[in-house]
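Worksheet: the structure to be examined is printed underneath.
Just so it is clear, none of the values below were taken in a lab; they were calculated from the coordinates. Keep in mind that what you see is a predicted model, and the values were worked out from it rather than measured. Using ideal geometry, Cβ is built from the backbone for each residue, glycine included, and neighbour counts are taken over all protein chains shown.
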Amino acid sequence: MKSLQYADRSWNPLTGCDGPFGPGCAHCWARAMANRLHGRVGYPSDHPFRPVLHLDRLDDPTHWKKPQIIATCFMGDISCHPRGHLFDLAHAMRRVPRHTYLILTKIPTCFAGLDWPACCLLGTSVEDQAHYDLRVRVRPCRDRLLDWLSIEPLLGPIRLDLYAPPWIVIGYEHGPKARRTEARWVEDLISDARRLGRRVFFKDDPRMAADLPVRPDGVDLMETGF
Ligand code: SF4
């Protein structure tokens, strides 16, 4: 998946979202894409961004033989789905643990109470300090902390603290209405991440393309050739 840089492919068994959940949602590309595709490839014609479980996609990972990093359910936010959908998603990933599934939500409390397999990296997305403080301290499961953090689009200064997950992605907003990210916000984030021993991947700087995630089971994806 070229636009993400850090994943090999996308997989969207759950789509849709009831957001917005903050200023980071203002130019939601997933909503724009769903609206464009309305009435096709599983997007309802009446309300294309309505949360939908696509049963016919749940088995897709079984067909991908080579282990892959999979951007999972990025066409929406899993927090807007009923628990049954999340249970089906967790079960589908558990069945094919050779892949690494990246999941992202703006409401990380939605992870609670479900048995997420180690092959999926649980993440949250923030855009400024207020949303970092609100979301990053959530403990998604009793015995598990967040695995990664997406700061995209970066809309204001953020200082990381000890709650910062081990892997952090930073990105600008792109497009004709893109809001400005100041270089010093990025520099401060990278410096905080280095100081705290976190891996950081700044999407808009190709020199950082090697800073890929480590799976919770300890497998370093940089060493496996991803
Ligand atoms: S939570 Fe994600 S999918 Fe939902 S509106 Fe915001 S950016 Fe879009």
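What the table shows:
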| item | result |
| --- | --- |
| Per-residue HN-Hα couplings for the stretch 81-95 [Karplus 6.51, -1.76, 1.60; θ = phi - 60°; Hz; x = Gly/Pro] | 9, x, 4, x, 5, 5, 4, 4, 5, 4, 5, 4, 6, 4, 5 |
| Helix-derived mean residue ellipticity, 222 nm - over the chain, DSSP H n ≥ 4, -39500 (n - 2.57), to 500 | -5500 deg cm²/dmol |
| Rounded to the nearest 20 debye, dipole of the chain from Cβ charges on Lys, Arg, Asp, Glu | 220 |
| Rounded to whole Hz, the Karplus (6.51, -1.76, 1.60) HN-Hα couplings of the stretch 17-25, x for glycine and proline | 6, 9, x, x, 10, x, x, x, 8 |
| Distance in nm between pseudo-label sites at Lys66 and Thr109 (7 Å out along the Cβ direction from Cα) | 4.2 |
| Placed amide H near Phe201: partners under 5 Å, 5+ positions off or other chain | Ile168, Val169, Ile170 |
| Order of His38, His85 under a 10 Å beta carbon neighbour criterion, fewest first | His38, His85 |
| Label-to-label distance, nm, for residues given as Lys177 and Arg40 (7 Å Cα→Cβ offset) | 2.3 |
| Hydrodynamic radius of the chain per Kirkwood, over alpha carbon pairs, in Å | 17.9 |
| The stretch 60-70 - phi-based ³J(HN,Hα) in whole Hz, Karplus 6.51/-1.76/1.60, Gly and Pro as x | 3, x, 5, 8, 9, 6, 7, x, 9, 8, 10 |
| Thr105 long-range amide H proximity, modeled H, under 5 Å | Gly123, Thr124, Ser125 |
| For the stretch 9-208: relative contact order, % (alpha-carbon pairs under 8 angstrom, 6 or more apart) | 15 |
